[in-house]
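Student: Below: one structure in structure tokens.
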């Protein structure tokens, strides 16, 4: 037999009323009804579900090795900065006199 632990519970009045009524119906002490309901709620009886557990499907997002998924925002900033720098570099090249890209 497992050792018992004393504790204080705060129950809503409606729940306490249901438990008291159940104790009277079964002819057992209130604390036994609470113990039975707690055991039923977290024990093996609750393991059988009325509905099957939802299924989750994993998806590979195709990230390259070395990409830290916890730093995606930082990586997006880096890519944006690189694209901006390339754009500035290209526009500066186009403005230079004698550039081959000018027509």
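Student: Quick check on the exposure proxy: order 39, 58 from fewest to most C-beta atoms within 10 angstrom.
Tutor: Fewest-to-most Cβ neighbours within 10 Å comes out as 58, 39.
Student: Here's a follow-up. Between residue 59 and residue 92, with labels modelled 7 Å along Cα→Cβ, what's the label distance in nm to one decimal, could you check?
Tutor: Between residue 59 and residue 92, the simple spin-label model gives 4.0 nm.
Student: Sticking with this structure for a sec: Can you compute the FRET efficiency between residue 4 and residue 26 using 1/(1 + (r/R0)^6), with r the Cβ-Cβ distance and R0 = 25 Å? Round to the nearest 0.05.
Tutor: Result of the calculation: an efficiency of 0.80.
Student: Based on other C-beta atoms within 10 Å, arrange 60, 91 from fewest to most.
Tutor: Fewest to most other Cβ atoms nearby, the residues stand as 60, 91.
Student: Among 10, 35, 95, what is the fewest-to-most ranking by other Cβ atoms within 10 Å?
Tutor: Ordered from fewest to most neighbouring Cβ atoms within 10 Å, 10, 35, 95 come out as 10, 95, 35.
No lab work stands behind these numbers, since they all come straight from the coordinates. Nothing here was measured: the structure is a model prediction, and the numbers come from that model. Reconstructed Cβ throughout: ideal geometry from the backbone, glycine too, with neighbour counts over all protein chains shown.
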